[in-house]
Amino acid sequence: QVQLVESGGRLVQAGGSLRLSCAASGRTSSSGAMGWFRQAPGKEREFVAGISWSGGDTRYADSVKGRFTISRDNAKNTVYLQMNNLKPEDTAVYYCAARRWASLATSPQAYDNWGQGTQVTVSS
């Protein structure tokens, strides 16, 4: 089992930046690709960004492309989400997820382990 703990969420003004972190512990040797998802009140959880185990493959939701950057440091068992030019519609709880396979995926069902989430609120 892999445990994931997100951090870095807070209240920020529109146009601002945040960096979320997700630290993995436990059986990290069995962890492969990682992803960030978000869920706003009354909405379904949606894919934000994903990264393969090697970091060589990344993918983004159209709504965040060009503003968000996902990266990982396997030596630290940590994945990051740099979020720039934040908009009020980015307000949500952001979740980190890990899957056993090296290749990234965009469906929540493809991920095996989830963190508890961190709240990001963007004020206009």
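The values are calculated or read from the model by the stated rules, or taken from the named source; none is laboratory data. Note that the structure is predicted; figures quoted are calculated from it, not measured. Glycine also receives a Cβ, built like all others from the backbone with ideal geometry; neighbour counts cover every protein chain displayed. What goes into the accessible areas is simple: the full protein's heavy atoms, side chains included, and nothing from ligands, DNA or RNA. Shrake-Rupley method; radii C 1.70, N 1.55, O 1.52, S 1.80 Å.
Quick notes
- Once the 1.4 Å probe is applied to the protein heavy atoms, the chain comes out at 51 Å² accessible per residue.
- Fluctuation leader among G26, G42, G56 - the chain, Gaussian network, Cα springs under 10 angstrom: G42
- Here the chain is assigned +1 on the Cβ of each Lys and Arg and -1 on the Cβ of each Asp and Glu. Its dipole about the Cα centre then comes out at about 140 debye.
- Simple label model, 7 Å out from Cα along Cβ direction - D57 to Q119, nm: 3.6
- Qualifying lysines (Cα of each under 26 Å from Cα of K76; at least 8 residues distant if same chain): K65
- Candidates L18, L81, L104, ranked by Gaussian network fluctuation over the chain, Cα under 10 Å, top entry: L18
- Overall dimensions of the chain as given by Cα atoms, namely Rg and Dmax in Å: 13.3, 42
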